[in-house]
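The values are calculated or read from the model by the stated rules, or taken from the named source; none is laboratory data. Small disclaimer: the values here were computed from a predicted structure and weren't measured. All Cβ positions, even for glycine, are placed from backbone atoms using ideal geometry, and neighbour counts span all protein chains on display.
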Amino acid sequence: MEKLNKESRYIKAKERVDELKKFYANLWSYIMVISALALINYLTNEFRYMWFLWAAFGWGIGLAFHAIGTFNLNPFFGKRWEERKIKEFMEEEDENGKKWR
């Protein structure tokens, strides 16, 4: 039983590390690409019209949602809420002796 618990903890930790790696890769790509676009923007029109900000804004929204998911920042339906509900339903089932729906 202890070995199974250790393996499941390892799998959860590995999944968490994979999530973090994906987020940091996305962040690094964002920094590099937006920097390159800003440089191109400056070289072509010296920031008279800063069109690279449109890309920065659009991708930034996606990056913000990625961060919310990765770091469990969702105040309504995050992983903590999910775990709390699962525990609540399991305890309710144990107390009542019937299955939850």
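Per-structure values
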| quantity | calculated |
| --- | --- |
| Which listed residue, of Glu19, Glu91, is touching a residue at least 12 places away in the same chain (Cβ under 8 Å), surrounded by 11 or more Cβ atoms within 10 Å (Cβ to Cβ) and among the acidic types (Asp, Glu) | Glu19 |
| Residue within the stretch 16-28 that is assigned by TED's automatic domain parsing to the domain that holds Phe65, modelled with pLDDT under 95 and not aliphatic (A, V, I, L, M) present | yes |
| Gly62 being within 13 Å of the chain's Cα centre (by Cα), at pLDDT 95 or above and surrounded by 10 or more Cβ atoms within 10 Å (Cβ to Cβ) | yes |
